[in-house]
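The values are calculated or read from the model by the stated rules, or taken from the named source; none is laboratory data. Just so you know, these numbers come straight off a predicted model, no measurement behind them. For neighbour counting, all protein chains shown are included, and Cβ atoms are generated from backbone atoms with ideal geometry for every residue, glycine included.
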């Protein structure tokens with residue numbers, strides 16, 4: 001399953017990662033915006049893992065979307 005998840009999405013370069021709309025640095029984590037669909041979060045996670053994010057510190061976590069619905073955001077702890 002891990003290999004199928006890692007093949008989702010496009011690998012972003014450093015500049016693209018820094019320009020993700022809605023991204024924020026909170027504490028020692030970089031977080032994406034809150035996606036309504038888990039598949040969107042997994043695609044973004046695949047991109048940051050492809051760039052070199054530590055897979056042990058990076059994951060999709062629960063969040064609340066702007067419309068108040070449950071969603072998922074990428075949380076990246078460190079880059080290898």
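Quick one: which strands (runs of 3 or more DSSP E) sit completely within the chain and have at least 2 residues that are at pLDDT below 85 and loosely packed, with under 11 Cβ neighbours inside 10 Å?
24-26
Looking at the stretch 22-51, I want the residues that are under 16 Å from residue 77 (Cβ atoms) and have a partner that is assigned to a helix (DSSP H, G or I) and modelled with pLDDT of 85 or more with Cβ atoms under 7 Å, at least 6 apart or on another chain. Which pairs are those?
Note: pairs meeting the criteria are 32/44.
Please go through the stretch 54-78 and pick out each residue that is within 10 Å of the chain's Cα centre (by Cα) and under 12 Å from residue 29 (Cβ atoms).
Result: 58, 59, 61, 73, 74, 75, 76.
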